[in-house]
Amino acid sequence: MAGFNKTLAADENLSYFRRGSLQEIEQITWDDATWILTSSFIIFTMQSGFGLLESGAVHGKNEVNIMVKNAVDVIFGGITFWMVGFGLAFGDGPWANPFCGIGYFLVDSDESKMGWTFAWFTFQMSFATTSTTIVSGAMAERTKLLSYIVFSTFNTFIYCFPTHWLWSPVGFLQQLGAIDFAGSGVVHLVGGTTGLVATLMLKPRIGRYEPDYKNDMANPTNALLGLFMLWWGWLGFNCGSTFGISGGKWKLAARSAVVTVNGSAGGGAVGIFLSYIFRQRKLDIGDLVNSVLGALVSVTAICGLARPWEGLIIGMLGGGISVLLPKALDKMKIDDPVGVVSVHGVCGVWGLLSVGLFVDQDNIQNLTYGRKGAFRGGGFYLLGVQTLAAVVIIVWSAVTSFLLLKVLLRVTEEEELLGADYVEHGIGRKELVITPVRHFSTASRRTTSDQEYVVRRRSAFGLSRPIEVAAIEGEVFSCIGIEKDIAETQSLDQSCSKKETVSKAPLQRHFRIRPMVSDDDIYNSSDVTNNETARETSHIM
């Protein structure tokens, strides 16, 4: 530890305390601890922001499930970070090394160190759970909840090692002089890379790249509200990364605020401009949201060390990346429902590289250790180190997440069409959908006199087995918004509400209760009542 301080020629009050050991942390004042805890509480509100944004961006049948997964990140991710994650990231025991920390497992402290230890832990846990939450967006609408719980529990191990490398005094990237002020690499690049691996392994949502697929937001208002909550949380994220306000740290916190706001404004302006170009003079809500978030990710690594105009430029480039890259991913049929790969992954890389280009020598807290970026006449050493940091984080996150996500289970086709809110939580879709059989029988093109039908039905243990029931035609019911000439039956649930009676001579018909596989298996009622061969219509929920 002494050798580290000597090598970096840091002043005697080395104060980038988030990177320091508990011995250095003890130099923090109670004012610093108050700042740290307040910032931590603000950062925790980002969980709500991510939840609202993601639930607003996906289809309505999955919005509750997305919010639940954001809660899971804090519950299970928080437990494992307390047990082992914090120690692997910041442990400074005798066995600590450049690869990982050792010590402070099952975090606790005596009264003499309690304030600093717990403040430090709370702040770092808010970062760890944020990194996990990022991945939930890439997995949206097609991941089993239990599988996600397993991922959330063990994602701590993916996160804590890069944290040690960049933010611990003995981490090997830290010793090389790499800089990540508030987590473009440690938090966002780790989450973005893991999200890319997850979406590649899960493959696209059903019908995602069919010409008639409707990828509409369930609730754009919630998505925008989530953006505002994340924007607010990001100020705590970046400004709190000074880890206090004593000495010169309050100056860096103030500069972080200005650079963060400037960068996000620049990114949002570019996003609006590009949206008008590519969306025929319409402002797409997704473009607006992602351009602001991409800009915020981009300035996170340099926010306390950049000039306001530099933050504006870095944010503008990040906003452009966030709007343009998803179009390229869609061309490659990489289904990223909320833009995790572009916003957090690629913009995380850009954030790290921007330090190697724009950063000037820090004379307030010596956070750059006397080095400058390439645009400041400092040569290419720092840019090279930042590039190395990005490559190492990507490789580590990709390999470890692939191994972890091998246990990830995708929902079945039936469950994906029903929606996770109903399948996982019993919320919403308690009505039945009646549709002709296509995937279970070759009889799907029979005449209506013997046409088989399918009813989506849910039981405690999954979709029900086939059951034969009798039905009498003559009344119109509404099933998930689809009017269908079907019968009042002795066995079907009364989940389909009766719309009106169309008095006809009742006909006898048999229905088969089975899970429906595709939303394409929906037919117009006119095809049934006119005794014609049924035809398909498209319906995306």
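Being out of contact with any Phe, Trp or Tyr (no Cβ under 8 Å at 6 or more places or on another chain), surrounded by 24 or more Cβ atoms within 10 Å (Cβ to Cβ) and of a type outside the set (D, E, K, R) is true for just one of 128, 140. Which residue is that?
140
If you go through segment 392-412 one residue at a time, do you hit one that is closer than 30 Å to residue 206 by Cβ and charged (D, E, K, R)?
Looking through segment 392-412, at least one residue is closer than 30 Å to residue 206 by Cβ and charged (D, E, K, R).
How many residues are part of a helix (DSSP H, G or I) and open to solvent by less than 40 Å² (accessible area, probe 1.4 Å) if we restrict to segment 240-266?
Counting residues in segment 240-266 that are part of a helix (DSSP H, G or I) and open to solvent by less than 40 Å² (accessible area, probe 1.4 Å) gives 13.
Of all the residues that make up segment 325-342, how many are over 10 Å from the mean Cα position of the chain (by Cα) and open to solvent by less than 10 Å² (accessible area, probe 1.4 Å)?
Counting residues in segment 325-342 that are over 10 Å from the mean Cα position of the chain (by Cα) and open to solvent by less than 10 Å² (accessible area, probe 1.4 Å) gives 2.
Could you please tell me which pairs satisfy a Cβ distance under 7 Å, a separation of 6+ or placement on different chains, a first residue in segment 405-425 that is assigned to a loop (DSSP other than H, G, I, E, B) and open to solvent by 60 Å² or more (accessible area, probe 1.4 Å), and a second residue that is at pLDDT 90 or above and of a type in the set (D, E, K, R)?
409/144
Quick check on this structure: which one of 20, 56 is at pLDDT 90 or above and open to solvent by less than 20 Å² (accessible area, probe 1.4 Å)?
56
Considering segment 68-106 alone, what residues qualify as being in contact with a helix residue (DSSP H, G or I) (Cβ under 8 Å, 6 or more places away or on another chain), open to solvent by 10 Å² or more (accessible area, probe 1.4 Å) and over 25 Å from residue 51 (Cβ atoms)?
Selection gives 84, 88, 92, 98, 99, 100, 102, 103, 104, 105, 106.
The values are calculated or read from the model by the stated rules, or taken from the named source; none is laboratory data. As the structure is a computational prediction, the values presented were derived from the model and not from experiment. Neighbour counts run over all protein chains shown; Cβ positions are idealised from the backbone, glycine included. Each accessible area value is taken on the protein alone, full model and side chains, heavy atoms only, with ligands, DNA and RNA left out. Shrake-Rupley method; radii C 1.70, N 1.55, O 1.52, S 1.80 Å.
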